[in-house]
Protein chains: 2
Amino acid sequence: MNELRESEEIESIGDLAKELGLTTRTLRYWEEVAIIESVQRADGATRGYTPYYVRRIKFIMKLKELGLTIKELQDLYIAYGEAKQTEKMIPKLVEILDDHIHKVDEKMAKLASLRKELVDYRQRMMTKFNLPKENV
Amino acid sequence: MNELRESEEIESIGDLAKELGLTTRTLRYWEEVAIIESVQRADGATRGYTPYYVRRIKFIMKLKELGLTIKELQDLYIAYGEAKQTEKMIPKLVEILDDHIHKVDEKMAKLASLRKELVDYRQRMMTKFNLPKENV
DNA sequence: TATTACGTTTACGTGCATGTCAAGTATTTT
DNA sequence: AAAATACTTGACATGCACGTAAACGTAATA
């Protein structure tokens, strides 16, 4: 699969999966839902990844680590396609990141109040535990 | 369905669902996964809920609002079955709550660091945006 | 009594993000 | 060229928490 010589131009899906710590299934799925690409090919032909595509996939991985959903990444991919140039996509990316930061803030707020409720509830239970009957 | 007179002993699933703001499907599902009960009955006979069961279901709802999963509630149900008395179940409940509080803490920590990364990343993107080529 | 308004179980559908076959094709190695 | 390995697509499986519909039984009402 590796030509071991100087040509590291095109990488196979298996090699790339190993390199990135993903499964081939994941790479195909991401392509299926249109958040990544591989090189053009005829139907049924083998997928190939140039360093350019690899960089873009790493970029997607980074954003996934940041908690972006497939849906958000799809929006970004569309913007990418429309922008034609990476630079023009950045405002959209920043917008999506802002959106996501906002969502994270909301989640954190919810968890904080949840935590408080849990602790309060726990306290009430503990108190109840030290009392006699009349429960449930 | 309601006998309108003094007997509010046994409630039907439809009435209870409405009262609690759940669907009948949810009540049957919860019973199916063994986190709630209804009165004993022959196969295929109609479900009935006494005030006791209603209280227990409200209790489960409360815990679900607190974010407890079905799995956690199943553990609690088992403990309830073993305890035979509500009071004896409380230590287990407190344990489950502690576990859950811990999980919430972990989630919050993750979100906090995620948020930081997002903001940093956003900042890097903004900076990049004000620079010329050499992207992706 | 006929209709309607419930109730019952069984079982497939949903949304995510893959995992896991299966059957066939392509490529690489011997 | 043959064998071994890796690739392809398609489709079903997973876990959660139900939604939805089918096909049927029962109970209340006009």
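Loop sites only, by DSSP: take the trypsin sites (Lys or Arg not before Pro) in chain A that have at most 10 other C-beta atoms within 10 Å and name the longest stretch containing none of them.
A:85-132
How far, in nm to one decimal, is residue B:91 from itself in the other copies if the label point is set 7 angstrom along Cα toward Cβ? Shortest first, please.
List, nearest first: 6.4 nm.
What does a probe at residue A:22 reach in the stretch A:44-61, counting residues whose amide N is under 15 Å from the point 7 Å along Cα→Cβ?
Inside the label zone: A:47-61.
Label residue A:119 and residue A:43 with points 7 Å out from Cα along Cα→Cβ: what is the distance between them in nm?
It is 6.2 nm.
What is the dipole size for the stretch A:16-136, taken about its Cα centre, with +1 at each Lys and Arg Cβ and -1 at each Asp and Glu Cβ, in debye to the nearest 20? Please report the intermediate quantities before stating the final value.
Details: 23 positive and 18 negative charges, 108 e Å.
In total the dipole reaches around 520 debye.
How far, in whole Å, is the nearest Cβ of chain B from the axis relating it by rotation to chain A, and which residue carries it?
B:108, 3
Distance in nm between label sites at residue B:62 and residue A:99, each 7 Å beyond Cα in the beta-carbon direction?
Rounded to a tenth, the inter-label distance reads 3.9 nm.
Shortest first and in nm with one decimal, please list how far the residue B:124 label point sits from its counterparts in the other copies (point 7 Å along Cα→Cβ).
Sorted ascending, the copy-to-copy spacings read 4.6 nm.
Give the nm distances, rounded to one decimal, from residue A:43 to the matching residue in every other copy, measuring between label points 7 Å along Cα toward the beta carbon; shortest first.
For residue A:43, the other copies' label points sit at 5.2 nm, shortest first.
Going down the list A:71/B:62; A:58/B:107; A:116/B:110; A:58/A:107; A:71/A:107; A:103/B:62, which pairs span over 29 Å between their C-alpha atoms? Walk me through the numbers on the way to the answer.
Values: A:71/B:62 32 Å; A:58/B:107 25 Å; A:116/B:110 18 Å; A:58/A:107 26 Å; A:71/A:107 18 Å; A:103/B:62 25 Å.
With Cα atoms farther than 29 Å apart: A:71/B:62.
Read-outs: derived from the displayed coordinates by stated rules, not from any lab. On a predicted model such as this, the values are computed, not experimentally measured, just so you know. For neighbour counting, all protein chains shown are included, and Cβ atoms are generated from backbone atoms with ideal geometry for every residue, glycine included.
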